[in-house]
1. When you check residue 193 against the structure, is it modelled with pLDDT under 95, closer than 25 Å to residue 305 by Cα and crowded, with 21+ Cβ neighbours inside 10 Å, yes or no?
2. Quick check, is residue 295 touching a residue at least 40 places away in the same chain (Cβ under 8 Å) and either under 21 Å from residue 200 (Cα atoms) or within 26 Å of the chain's Cα centre (by Cα) (or both)?
3. Please count how many residues of region 251-279 are in contact with a Ser or Thr (Cβ under 9 Å, 6 or more places away or on another chain) and closer than 19 Å to residue 409 by Cα.
4. Restricting attention to region 423-445, and to residues there that are over 17 Å from residue 70 (Cα atoms) and of a type in the set (D, E, K, R), which single residue is surrounded by the most Cβ atoms within 10 Å (Cβ to Cβ)?
5. What is the number of the single condition among (1) in contact with a Lys or Arg (Cβ under 7 Å, 6 or more places away or on another chain); (2) modelled with pLDDT of 90 or more; (3) β-branched (Val, Ile, Thr) that residue 362 does not meet?
6. Hey, could you check region 36-86 for residues that are of a type in the set (A, V, I, L, M) and either modelled with pLDDT of 80 or more or not in a helix (DSSP H, G or I) (or both) and say which is nearest to the chain's Cα centre (by Cα)?
7. Which residues, counting only those in region 426-444, are within 22 Å of the chain's Cα centre (by Cα) and either free of Cβ contacts under 8 Å to residues at least 24 places away in the same chain or more than 16 Å from residue 173 (Cα to Cα) (or both)?
Amino acid sequence: MWWFFGGVLLFLGLVVALYDILQRRRAILRNFPIIGHFRYWLESVGPELRQYIVTDNDEERPFSRDQRRWVYSTAKKESEYYGFGTDNDLYLSSNYLIIKHSAFPLLEPKPGQENYDPLFRIASGKILGEHRKRKKAFRPQSVVNIAGMSFGSLSGRAVEALNRGAQLAGCLHNTGEGGVSPHHRQGGDLIWQIGTGYFGCRDSAGKFSLDQFRETVAQNPTIRAIEIKLSQGAKAGLGGVVTASKITPEIAAIRGIELGKACISPARHTAFSDVDSMLDFVELLAAETGLPVGIKSAVGQLRFWRELALAMSSGTRGVDFIAIDGGEGGTGAGPLVFADHVALPFREGFERVYRYFQEANITDQIHFIGSGKLGFPETAMFAFSLGCDMIALAREPMMAIGCIQAQRCHTGHCPTGVATHNRWLVRGLVPEDKAARCANYILSLRRELLQLSRACGIEHPSQFNARHFEVLR
């Protein structure tokens, strides 16, 4: 009798395992058949466990359970409504953000009405590259875009899912500093990020190559803008790192590096050394391509920003956009002290930088882009109120395509196939399915941005300002 029941259980287990391996919607189950169900079961009883045993919905870091639940539900097109009121303590929470609604909100268009848009598009209020008269200036059609995450740090399937998602949502996809790979060529418009390693535009010595730069732009017509990365929030002051275990022959070929060795980019650029030479470099790239050219940086010492604002206010050279990354940004791996203590958080950093350009009366010349945990309606709105024209998101789209915040990105053992090149683990991520989830998340965020705008009596997120917010201390 026991042999019979044991045989039945074994057979059922094999059936479940086979189904898990063949299904395409859940990477965890494709990679970890049978035992992966325990993760979903524990997640389903999470509220009960936390109520009596573990943590509440707002304690986990870097993203709380409430934040991750919101991303997952929007990506899967599940209900975003929650009952019984907030579980946040509004009086004891420090720096708690309150959005002040209008007594006379604007009405939301309904399906079937002429002004209803099922994609909830929110175009930028500015034309990128217009002031400097770039030949290929354009108006970004989404104020919500995907920030730089390179092929190398992420798997090819993850990059493909993000680019397909960007195409579906009609937003921009930043390549990250690892160069333009075949996985980026899935239809989504690109911002090509050039870091200190000059991947995609480097010579044999690792220096910038104008000929290679021209060739990459010519081969990739979906590149709409160039971003020069000075630093990033996760490890400001250090170059990018991809461990040797994550370097595949494909990555080595795309980056032009040696197989079997860790890829460590220099901490600073060799093509320029100060504000003056940086602006010469910016104008060179713009003249060669006609594309808008900007910079990305975390905020540390402020002298650089004062000098840049002064140089742009008194001359004909300048960047077309500035992307400010907060010190809380985190898709790149780095030493703990750099993640925890180097670079200002987004709010403080952006305010100080924006003030210099405001005092120089040139904010209308520049697209300001914010980055650093801004992928939620309230944080995004606050960024717009500070002066952002667009926001760029990284970890939130990662969660939309399957990331579960396992925090094993740098080990090569990401269980969902997002940040690894392990063939079995990457197999679990199906780009077509995850692309739709990425697009769903971006559309949902844009929809809620429009809802919040109308609730406050305005039509566009860029119209938000300090009077629409209260910060409870």
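1. On the way: modelled with pLDDT under 95: no; closer than 25 Å to residue 305 by Cα: yes; crowded, with 21+ Cβ neighbours inside 10 Å: yes.
When the stated conditions are applied, residue 193 does not pass them.
2. Details: touching a residue at least 40 places away in the same chain (Cβ under 8 Å): yes; either under 21 Å from residue 200 (Cα atoms) or within 26 Å of the chain's Cα centre (by Cα) (or both): yes.
Yes.
3. Within region 251-279, residues that are in contact with a Ser or Thr (Cβ under 9 Å, 6 or more places away or on another chain) and closer than 19 Å to residue 409 by Cα number 4.
4. At the first step, the residues of region 423-445 found to be over 17 Å from residue 70 (Cα atoms) are 423-433, 435.
With the extra rule that they be of a type in the set (D, E, K, R), the set shrinks to 423, 427, 432-433.
Values: 423: 10, 427: 14, 432: 10, 433: 16.
Of everything passing the filter in region 423-445, 433 is surrounded by the most Cβ atoms within 10 Å (Cβ to Cβ).
5. (1)
6. Among residues in region 36-86 that are of a type in the set (A, V, I, L, M) and either modelled with pLDDT of 80 or more or not in a helix (DSSP H, G or I) (or both), the one nearest to the chain's Cα centre (by Cα) is 71.
7. Across region 426-444, the qualifying residues are 426, 428, 429, 430, 432, 433, 444.
Every residue, every condition in (1) over 17 Å from residue 442 (Cα atoms); (2) in a loop (DSSP other than H, G, I, E, B); (3) modelled with pLDDT of 95 or more; (4) not charged (D, E, K, R), yes or no:
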position: 88; (1), (2), (3), (4): yes, yes, no, yes
position: 104; (1), (2), (3), (4): yes, yes, no, yes
position: 111; (1), (2), (3), (4): yes, yes, no, yes
position: 114; (1), (2), (3), (4): yes, yes, no, no
position: 118; (1), (2), (3), (4): no, yes, no, yes
position: 130; (1), (2), (3), (4): yes, yes, yes, no
position: 136; (1), (2), (3), (4): yes, yes, yes, no
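The values are calculated or read from the model by the stated rules, or taken from the named source; none is laboratory data. The structure presented is a predicted model; accordingly, all values stated were derived computationally and were not measured. Here Cβ is always computed from backbone atoms with ideal geometry, including for glycine, and neighbour counts include all displayed protein chains.
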